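First the structure, in the form of structure tokens, and then the observations on it.
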Amino acid sequence: MARYTGPKTKIARRFREPIFGADKALDKRPYGPGQHGPAKRRGGKQSEYAIQLAEKQKAKYTYGILERQFENLYKRANAHPGITGEVLLQLCETRLDNTVYRLGVAPTRSAARQLVSHKHITVNGEIVNIPSYQLKAGDVIGVREKSKSLEVVTGSLSSNGKKYDWLDWDSATMLGKLIQVPAREMIPENIKEQLIVELYSK
């Protein structure tokens, strides 16, 4: 399973956002990486291409998707009826690993990806170990019976206070449901998807 394994704080500092979750190092140094600190930065205005590329990179790192996967998602979004940028984010949001993270079963998307790939997660009662599995409205996501006592799962659920309008979670049965595909205004990520569409449209 291909995934990004490099330094996460450096990436978060590049975008000046905690895209991998809370990060004390980012709080202490909320500026781009580099040995000279914030004082010595190259001047000049960023090109339009650089701004668009940075937005695509931020989306990729946020959802933990590699280049070819992301490009394929864009092609699917472009062929789908509707606004391409919004559909692209909806495809990212309805991946199984992201939904497991949103439900609070895992503390991070990378932890959610690991739970899925290690066969701890079910969809409609069947074990699914593909993190990129695309969910549909009405799908039921659950924690496998023998995995319900895993420390990473119980710890994450006990500390999770976030709820999302497009998801439903029953803590007694450890079952969640994708009620609907989220509209753009429901998705909390700070991503300017139109810039990504402009980049791929060149």
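Sort out for me the strands (runs of 3 or more DSSP E) sitting completely within the range 111-202 that have 2 or more residues that are over 20 Å from the mean Cα position of the chain (by Cα) and in contact (Cβ under 8 Å) with a residue 12 or more places away in the chain.
Numbers: elements: 121-123, 140-143, 167-170, 175-178.
Here the list is empty.
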Single match in G64, G21, G85, G37 (criterion: closer than 28 Å to L135 by Cα and at pLDDT below 60): G21
Test: residue in the range 95-103 that is modelled with pLDDT of 95 or more and farther than 22 Å from I141 by Cβ: no
Residue identified as out of contact with any helix residue (DSSP H, G or I) (no Cβ under 9 Å at 6 or more places or on another chain), over 30 Å from E145 (Cβ atoms) and at pLDDT 95 or above among N78, N72: N72
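Is it the case, given these coordinates, that V105 is closer than 19 Å to L157 by Cα and either among the polar types (S, T, N, Q) or buried (at least 16 other Cβ atoms within 10 Å of the Cβ) (or both)?
Criteria met by V105.
The values are calculated or read from the model by the stated rules, or taken from the named source; none is laboratory data. As the structure is a prediction and not an experimental result, all values here were calculated from the model. When we count neighbours, we look across all protein chains shown, and the Cβ atoms used for this are built from the backbone with ideal geometry, even at glycine.
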